[in-house]
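Only the coordinates and a few stated rules stand behind these numbers; no lab work does. Computed from a prediction, not measured in an experiment: that's the story for all the values here. Here Cβ is always computed from backbone atoms with ideal geometry, including for glycine, and neighbour counts include all displayed protein chains.
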Amino acid sequence: MDRAFDTLASVCSGKESWRIKVRVLRLWSVCSFMKPEQVISLEMVLIDDKGVKIHASVRRQLLYLFNLKIVEGDVYKMSFFTVCPQSGIYRTTPHQFKLDFEMKTKFQACEGNTIDHFGLSLSTIAQISAYGLAHNFLVDVVGLITGISAEREYIRDGKVTRMIVVELTESSGKCECALLNLPKLRFSEGKYLFKMF
């Protein structure tokens, strides 16, 4: 029988013997700005059975150990990782800390039926508008697309990025969302789920 797991809410710096059970809600690769074909890290959002989310990272030097072992949506027992403060303007969760994988990190697949599969915490557009600039992490919102711009090109430092702007409406208001680096997608007016900053 497994011994008790630590909750993500209790995770903080200053302790090294954490043992958590989490689902990988989102998983993505980050590529080098100068060499887009080169992956520099693997990023993920994890959730525990209490619904608490935390960001975790695998740096480039350790990709060979973890890249093929981690599957979005699966549940894992995790231990022997580093806890560090969450900083910067790009944050995926409101958690004060993030997890960094180490050479010794144990990441073992397991059962986890009590852990939410989607981890949605829906916000209204009115709530999002009230957050202000200090709210710099992802939120979940459901709305109706009521407007779609033509595809545009955004040029920064000589790099061209494709984008469209969609107008999202729900009962508390409207907002515009810029969608960048899109593959050739076709949007039509209707209901969509977006992760927003």
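A compact table of results
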item	result
For the chain, the fraction of alpha-carbon pairs in successive 5 Å shells from zero, as %	1, 7, 13, 16, 17, 17, 13, 9, 5, 2, 0, 0
Rough spin-label spacing in nm, given labels placed 7 Å along Cα→Cβ, for Gln38 and Thr124	4.8
By average C-beta atoms within 10 angstrom, highest first, the peptides 157-165, 99-107, 111-119	99-107, 111-119, 157-165
Low-density loop positions, trypsin sites (Lys or Arg not before Pro), segment 1-36 - DSSP coil, at most 13 other Cβ in 10 Å	Arg3, Lys15
Loop-located chymotrypsin sites (Phe, Trp or Tyr not before Pro) in segment 1-34 whose Cβ has at most 12 other Cβ within 10 Å (DSSP)	Phe33
Trypsin sites (Lys or Arg not before Pro) restricted to DSSP loop in segment 44-83 with at most 14 other C-beta within 10 Å	Lys50, Lys69
Cα extents of segment 121-185 along the three principal axes, largest first (Å)	36, 27, 16
Extent along principal axes [Cα atoms of segment 8-109; Å; largest to smallest]	38, 30, 24
Positive-end residue of Met44, Phe80, Ser17, charge dipole of segment 8-109 with Cβ unit charges	Ser17
